[in-house]
Every structure is written in C-alpha cells, then in structure tokens.
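Peer 1: Just passing along the structure, written as structure tokens.
The values are calculated or read from the model by the stated rules, or taken from the named source; none is laboratory data. These numbers come from a predicted model, not from an experiment. Cβ coordinates were reconstructed from backbone atoms using ideal geometry, including for glycine residues, and neighbour counts include every protein chain displayed. In case anyone asks, the SASA skips ligands and DNA or RNA and just uses the protein heavy atoms, side chains included. Shrake-Rupley method; radii C 1.70, N 1.55, O 1.52, S 1.80 Å.
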Amino acid sequence: MAESMQAPVRHRRRFRPKHPIAHLVLCVGAVFMVGPFLWQLSTSLQSFGESVSVPPTFLPHSPQWSNVTTVFGALPFGRELVNTTVMTIARTVGQVLFSALAGFAFARMQFRGRGVLFAVFLSVTMVPYQVFLLPQYQIMQKLGLLNTLVALFLPGMFSAFGTFLMRQFFRQLPIEIEEAARIDGANILQIFWRIMLPMAAPGMIALGVLVIIWSWNDLLWPLVVNSDPRQMPVSAGLASLQGQYTTNFPVLMAGSLLASLPVIIVFVVFQRHLMSGIAFSGVKG
Amino acid sequence: MSGPSTATAPAEARPIRLRTTTGGRRRPRPPTRDSGWWALLFLLPAAAGLVIFEIWPTFQTIYFSFTSWGAFGGHVWSGLENYRTLIADSDIVHAIVNTAIISVISLLAVPLSAIVAALLSLPGMRGVTVYRTLYFLPVVTLPAAVALTWKYLFNGDYGLINWLLSKIGVNGPHWLSDPATAIFAISIVGVWGSIGYNMVIFLSGIRGIPTDYYEAAELDGAGRLAQFFHITVPLLTPSIFFVTVITVINSLQAFDLIYLMVGQQSPAIERTETLVYLFYQRGFAEHDGGYAAAIGVLLLLATLILTAAQFRLQRRWVHYG
C-alpha cells in the first residue's frame, strides 16, 4: 500500500536501494533470526555421522529422506499431528465465536452491570494462566476427561483477551449501519449474524490466527493433562521424542521441521491479519 | 457467512428513513438499547467458560495454597504451612533469582526490536514485508522445535556455536549443561524469540507518529539520528511501555525452554529453574498440589506487583501525544 502511494510522487528508477547501511544491519539480523531454521533444515537431511562431525557439515552429501520415516515410526507422530490439529481448530472456533458474541455485547449493547462485568473480564487477562492450572486439571479429572482430546481444548475455548479484542473491533464499526438495519426490522440476532459479524471478519481472522499460533505451540497444558502419547499434541510429543533420541539430531530436526511447518504456513498466508491483530492489542491495550 | 455484500446493502438503501425517524432528537440513541436479556445470552458462553475455567479456579488456587494434599487427593487445611515452607525453600530462592535474571536479559529484546522497527520505518525502505516475515518466524515456531534446534546449536562437542567460537580461538563451554552458562544460553534464545513480536508493536507505534513532525524537524536541519532520539523515541514511549510490561510478564512465566532445553536430569537445572518450572515440578511431577498452589499465588502476586510498579513508573517517562 505504502509503496504504491509513494510511487507517483517520485519517478525514479530503483536500481540502487536506499539506506544501504540499514539493509546491511537488517540482513545481519536476519541471518541470526533465520540461521537456526536453515541449520535445522540442513541437519534434518544429514546422516547421524554428518550431524556429529567436526567441522560441521553445512550441506548433506546425500540427503537422508529416511529421517522423516524414522520420525513417523518412532512416535505416533501422525496421530499427534492430528491431535494438534483437532485441538487447534476447536480452540480457535470456540474462542472466535464466544469472543465475538461477548465482544459484541460489550461494544454494542446496553445492560445493567456492563462496566463491572467488563472490568472483571479485563482483570482475568492479568492473571497468569498457571494460576488456573491445578483446578483446571481437577475439573478434567472429575469429568473423567484426562488423556482425551476434549481435555486438550475445552478450557482453551474461552478467552477474556479474545473478548477484549473483539469488543475493540466491534466498537470501530459505524453505528449507522446497525441503526438502519434495526429500522428495517432486523432483530438483534440478524443484526449480529448477518451484518456485524461479516463486517468484523478482519478482526475475527486476526484473533483466529493468534489463537491458532498459541494453541499449536501450547506445551504446559497438554503436558499436565495428557500423558498418553497417543492423545498428546505434537508440542508435547516432540519433547518425549527428545528422550528417546537424545542425540539423534537429524531425526529430531526432521520432526521439528514437520511439526512447525503447518503453523508457519498459516502465519505466512495470514500475515497481514496477524500483524494487525498484534498491533491492535498493543496500541489500544 | 455471505460476505460483506450483505453488510453494506441495507445501509445504502436506508439513509433517508434513518433521518426521518431520528428527526426530533439531537442524537440517535444506540440501536440495541434495553437489550438486557439478549446481552445475557450473548455473554453467557464466554462468561460461563471464564467463571468455570479461570475465575473460580483462581480463588480455588488461593484456597489450595492453604491446604496440604493427601495421597488420595483430599485437601486438609494447613494454614500458612505451605508459605512457611516456601520462605525456607532454597529452590524458591533459586527460582526467583533465575526468573529475575531471565527477566533482565529478556529486556534486551526491547531496544533491539525498536532499532529493527525504526530501520524498517525509514522513508522509502524496501523489502519491509520480507524482513518482517523473517524476524517474526521465531515467534510462530513450535517451542519444542526451537528448543531442540538451539540445543543442537549449543552442543558443547559438535554444536555450530562452539565451532564458530573455535574459529576465533575461543574454547566454548557445554552451554546447557554448565550451570554457569545455561541460564544465559536460554535467555538469549528467549530474546531471539521475542524480537519479532515486539517489532510489530513498535512498527505500528511508529506508523502512528504524524509525518509532519519529521518534515518540520528536517526543515530545522535535524539529522536522522536527532529525529530518532527527539521525535521517534519520545512519541514511542507508550509502545515501549507496553512492550516492557509484556516482556517482564512473559519472562515471569518462563517454562517451555527450560523444560525442553535443560530438563530435570541436567546439573544445570538448579541454576535455570524458574517459578513456573518449580510449580510444574511440585504440582504435577511430585503431586504436592498445596505447595504448587502457593507458588502459583506467589506468581500471581509478583505479576500484580510488577505490573503496578511499572504503571506507577510510567508517569515519569511515558508521553501520551
């Protein structure tokens, strides 16, 4: 956007980039940021011997694709990827839907106790989530849900932060549209579902991508609630793979790469929405 | 989900009627007024979920911290027993010191990400999206993948870092198993992993600064560096404040990297374990729920005190435009 807006002002050929020193600094920084991933990629295709050789091997001599099959054989790795996917989808759908409903109520409805209730929601965002952990575990235990997929996603479907974020988005939408619809005879449900929700789609996608990333990467809760490898998400599964293959780094790197690939793809595809979600929570937090 | 077309259509069709109905009043009243029962219905799922899974549990944890747990899960009121143990526990002292070290080092990410954001915001800068993607990659990557990769890089015998150090004549330590270096190695990975997130907040903060300020400064002959220190930094203080609070709160909760990179068998664990790591150990590995709850309360208090302190201090240095 910004570049296309600047283009007509200065018709200059851009063969030489501006700010060479800035680019130099940023490139050096980028090497540090991306280096570990390239190393991961290279190692994942090395033989065990290459991975522990000194000097280190930068490019594998003959790519060892068998590392990938070793990962799938060593663990119920495929099953864990499915578990992670189910957990992530359920948490994301729950959080986005419930946050949108509550956020809309806070942004656009008048009711007694709104201020107090909103203050309660906000104060929940301040509590570190480890404080909930023991009682949440007990709830799952009492419901007989330990070592089930439901335990992985149930508490994660509700979010005070998500409600706050959605409220901010709904507040930005023009009130005139809602009014016109109301005069037109639409009831609250129709206004919400047919008019406000589609308009809040960018906000919902932003929240959704944030939840996807948090959920995919969540470690502590799965560790606490699921000890059966077949019911674990891949975040905890990789940790247990580490125990089995203490120093077999090619296999560990292949597993790491495979397990983080889906969420990296989501990030690249929805980058713009994700950035706006973070900026939104930051600037107006 | 029929897309935005349904959203805009009624608005365009009704502007005239809208005016006639609100004609007498000075301001249109909020359309969804007096919607108490509907509001209840809309709030119910989120509110019920929060009460069951977060609000009530917070009070339960506070209650648990005054109990001791029997082998069969029964709570016995034990008064301040857990807190007495807490004060005398040398592991807690370690955990607090380690958490503090990690917090202080993690603050390095604040100026680093501010510099990256400032460079990316230079007028006419190219490739912003590419840089942003690369710097953000660590934020979205699975912690287990990050931890395993860095564990390999930090390996004392055949890790890349020690090989690079040997090129400049330095004999690198066994970073993660050496109690003297483990916490620094972990903190560096933490900084590496949080630069991208902070950078995004700074980028949007810088974007919010009116360009006239820079134009005026340029007319007055201020150089890039002077502009950075006299315009960008002061006007960015709200973002700097937010990022600082978030960074400190996040480092209070450090767990994943320690669990994954050091682990309980390592000789370095005593020098790296944090409050949350200890909470997990006591509560779920050793099944001492009451004591773990006391650690949870300590964490809650630390978070509230530090956040309150930062809000108090912000009056001294944060400028709101």
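Peer 1: So is B:Thr129 out of contact with any strand residue (DSSP E or B) (no Cβ under 8 Å at 6 or more places or on another chain) and open to solvent by less than 20 Å² (accessible area, probe 1.4 Å) or not?
Peer 2: Values: out of contact with any strand residue (DSSP E or B) (no Cβ under 8 Å at 6 or more places or on another chain): yes; open to solvent by less than 20 Å² (accessible area, probe 1.4 Å): no.
Spelling it out, it is not the case that B:Thr129 is out of contact with any strand residue (DSSP E or B) (no Cβ under 8 Å at 6 or more places or on another chain) and open to solvent by less than 20 Å² (accessible area, probe 1.4 Å).
Peer 1: Which condition does B:Ser194 not pass, out of (1) under 29 Å from A:Ser240 (Cα atoms); (2) within 11 Å of chain A (Cβ to nearest Cβ); (3) in a helix (DSSP H, G or I), if it passes all the others?
Peer 2: (2)
Peer 1: Still on this structure: Quick one: which helices (runs of 4 or more DSSP H) sit completely within segment B:204-316 and have at least 1 residues that are open to solvent by 20 Å² or more (accessible area, probe 1.4 Å) and closer than 30 Å to B:Asp91 by Cβ?
Peer 2: Counting at least 1 such residues, we get B:233-252, B:256-261, B:275-280.
The rows are residues; the columns are (1) touching a Phe, Trp or Tyr at 6+ places or on another chain (Cβ under 8 Å); (2) farther than 15 Å from B:Tyr291 by Cβ.
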position: B:Tyr63; (1), (2): no, no
position: B:Ser78; (1), (2): yes, no
position: B:Leu86; (1), (2): yes, no
position: B:Asp91; (1), (2): no, no
position: B:Ala95; (1), (2): yes, no
position: B:Ala100; (1), (2): no, yes
position: B:Val104; (1), (2): no, yes
position: B:Val110; (1), (2): no, yes
position: B:Ala114; (1), (2): yes, yes
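Peer 1: Next question. Regarding A:Val116, is this residue open to solvent by 40 Å² or more (accessible area, probe 1.4 Å), in a helix (DSSP H, G or I) and either of a type in the set (A, V, I, L, M) or more than 7 Å from every other protein chain (Cβ to nearest Cβ) (or both)? Steps first, please.
Peer 2: Details: open to solvent by 40 Å² or more (accessible area, probe 1.4 Å): yes; in a helix (DSSP H, G or I): yes; either of a type in the set (A, V, I, L, M) or more than 7 Å from every other protein chain (Cβ to nearest Cβ) (or both): yes.
For A:Val116, the condition - open to solvent by 40 Å² or more (accessible area, probe 1.4 Å), in a helix (DSSP H, G or I) and either of a type in the set (A, V, I, L, M) or more than 7 Å from every other protein chain (Cβ to nearest Cβ) (or both) - is met.
Peer 1: Hey, can you tell me all the residues within segment B:132-183 that are within 22 Å of the chain's Cα centre (by Cα), open to solvent by 20 Å² or more (accessible area, probe 1.4 Å) and either more than 7 Å from chain A (Cβ to nearest Cβ) or of a type outside the set (S, T, N, Q) (or both)?
Peer 2: Answer for segment B:132-183, where residues must be within 22 Å of the chain's Cα centre (by Cα), open to solvent by 20 Å² or more (accessible area, probe 1.4 Å) and either more than 7 Å from chain A (Cβ to nearest Cβ) or of a type outside the set (S, T, N, Q) (or both): B:Arg132, B:Leu134, B:Leu137, B:Val139, B:Pro143, B:Trp150.
Peer 1: Something else: Inside segment A:158-187, can you point out the residues that are surrounded by 18 or more Cβ atoms within 10 Å (Cβ to Cβ), touching a Pro at 6+ places or on another chain (Cβ under 9 Å) and within 8 Å of chain B (Cβ to nearest Cβ)?
Peer 2: Passing the criteria: A:Phe158, A:Ile177, A:Glu178, A:Glu179, A:Ala180, A:Ala181, A:Arg182, A:Ala186.
Peer 1: May I ask you to list the residues in segment B:266-283 that are within 26 Å of B:Val189 (Cα to Cα), at the interface with chain A (Cβ under 10 Å from one of its Cβ atoms) and free of Cβ contacts under 8 Å to residues at least 40 places away in the same chain?
Peer 2: Across segment B:266-283, the qualifying residues are B:Val276, B:Phe279, B:Tyr280.
Peer 1: While we're on this one: Among the residues of segment B:263-284, write down those that are among the small types (Gly, Ala, Ser) and at pLDDT 90 or above. Quick ask: steps written out before the conclusion?
Peer 2: Of segment B:263-284, the ones among the small types (Gly, Ala, Ser) are B:263, B:266, B:268, B:283.
Selection gives B:Gly283 alone.
Peer 1: Select from segment A:90-113 the residues that are surrounded by 20 or more Cβ atoms within 10 Å (Cβ to Cβ) and among the charged types (D, E, K, R) and list them in ascending order.
Peer 2: A:Arg91, A:Arg108
Peer 1: Tell me, which residue of segment B:102-131 that is at the interface with chain A (Cβ under 8 Å from one of its Cβ atoms), in a loop (DSSP other than H, G, I, E, B) and among the aliphatic types (A, V, I, L, M) is nearest to the chain's Cα centre (by Cα)?
Peer 2: B:Leu122
Peer 1: Please work out which one of (1) open to solvent by less than 10 Å² (accessible area, probe 1.4 Å); (2) facing chain B (nearest Cβ under 7 Å) is the condition A:Gly237 fails and give its number.
Peer 2: The single condition A:Gly237 does not satisfy is (2).
Peer 1: Could you count how many residues in segment A:58-82 are at pLDDT 85 or above and within 14 Å of chain B (Cβ to nearest Cβ)?
Peer 2: Number satisfying all stated conditions: 7.
Peer 1: Sticking with this structure for a sec: Going by what's in this entry, would A:Asp218 be described as open to solvent by 10 Å² or more (accessible area, probe 1.4 Å), among the acidic types (Asp, Glu) and free of Cβ contacts under 8 Å to residues at least 40 places away in the same chain? I'd like the intermediate steps shown before the answer.
Peer 2: Details: open to solvent by 10 Å² or more (accessible area, probe 1.4 Å): yes; among the acidic types (Asp, Glu): yes; free of Cβ contacts under 8 Å to residues at least 40 places away in the same chain: no.
Answer is no for this residue.
Peer 1: Only one of these is assigned to a helix (DSSP H, G or I), more than 10 Å from chain B (Cβ to nearest Cβ) and either farther than 24 Å from B:Leu134 by Cβ or not basic (Lys, Arg) (or both): A:Ser215, A:Ser260. Name it. Don't jump to the end; show me each part of the working.
Peer 2: Numbers: A:Ser260 fails: more than 10 Å from chain B (Cβ to nearest Cβ).
A:Ser215 is the lone residue from the list that is assigned to a helix (DSSP H, G or I), more than 10 Å from chain B (Cβ to nearest Cβ) and either farther than 24 Å from B:Leu134 by Cβ or not basic (Lys, Arg) (or both).
Okay, residues lined up against (1) at pLDDT 95 or above; (2) among the charged types (D, E, K, R); (3) at positive phi:
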{"site": "A:Thr92", "(1), (2), (3)": "yes, no, no"}
{"site": "A:Gln95", "(1), (2), (3)": "yes, no, no"}
{"site": "A:Ser99", "(1), (2), (3)": "yes, no, no"}
{"site": "A:Ala102", "(1), (2), (3)": "yes, no, no"}
{"site": "A:Phe111", "(1), (2), (3)": "no, no, no"}
{"site": "A:Arg114", "(1), (2), (3)": "no, yes, no"}
{"site": "A:Val124", "(1), (2), (3)": "no, no, no"}
{"site": "A:Val127", "(1), (2), (3)": "no, no, no"}
{"site": "A:Gln130", "(1), (2), (3)": "no, no, no"}
